[in-house]
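Written below as structure tokens is the structure these notes are about.
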Amino acid sequence: MRYHRWVIADDVDLLAAQFKALSNPTRVAILRWLKDPSDFPPQLEPAEDVGVCLKHIQARAGVSQSTASQYMATLQQAGLVTSTRVGQWTHYKRNEDRIRQLGHDVLGEL
């Protein structure tokens, strides 16, 4: 069993959660957008440090706040993003180590 900060699961469950997270085109687009946080509007805290504010992700995706929150929760549960609270806002950034590991897992497991 592998222990992660974001979830406790065996490798198969984690891989399935990641594939589920990536099964939605908007969630895949969000991960691509987060690759370059400078493409989002400026914010008080640098996006490179804390991530991109949910309100900016929501606006770019053209979805409601609750849908954006659900998308980000799914990506976070899969370990593909991390979150940081800044005041009342939640900011998200890619978990590059986990994304890189996913590529290795796919090559080695499937």
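Look at (1) surrounded by 11 or more Cβ atoms within 10 Å (Cβ to Cβ); (2) touching a Pro at 6+ places or on another chain (Cβ under 7 Å) and you find that THR90 fails only one, number (2).
For region 7-29, which positions are in contact with a strand residue (DSSP E or B) (Cβ under 8 Å, 6 or more places away or on another chain), open to solvent by less than 60 Å² (accessible area, probe 1.4 Å) and touching a residue at least 12 places away in the same chain (Cβ under 8 Å)? Those that are in contact with a strand residue (DSSP E or B) (Cβ under 8 Å, 6 or more places away or on another chain), open to solvent by less than 60 Å² (accessible area, probe 1.4 Å) and touching a residue at least 12 places away in the same chain (Cβ under 8 Å): LEU14, ALA17.
Between ARG60, ARG32, the distinction of being at pLDDT 95 or above, part of a helix (DSSP H, G or I) and closer than 30 Å to LEU110 by Cβ belongs to ARG32 only.
Give the residues of region 71-88 that are in contact with a Lys or Arg (Cβ under 7 Å, 6 or more places away or on another chain) and part of a helix (DSSP H, G or I), sorted by residue number. TYR71, THR74, LEU75, listed by residue number.
So, in region 35-57, of the ones that are out of contact with any strand residue (DSSP E or B) (no Cβ under 7 Å at 6 or more places or on another chain) and open to solvent by less than 40 Å² (accessible area, probe 1.4 Å), which residue ends up modelled with the highest pLDDT? Applying the filter and picking the extreme gives HIS56.
The values are calculated or read from the model by the stated rules, or taken from the named source; none is laboratory data. Only a predicted model underlies this, so the values are computations on that prediction, with no experimental measurement involved. FYI the Cβ positions are ideal-geometry reconstructions off the backbone, even for glycines, and counts take in every protein chain you see. When the accessible area is computed, the model is the full protein with side chains, heavy atoms only, and any ligands, DNA or RNA have been set aside. Shrake-Rupley method; radii C 1.70, N 1.55, O 1.52, S 1.80 Å.
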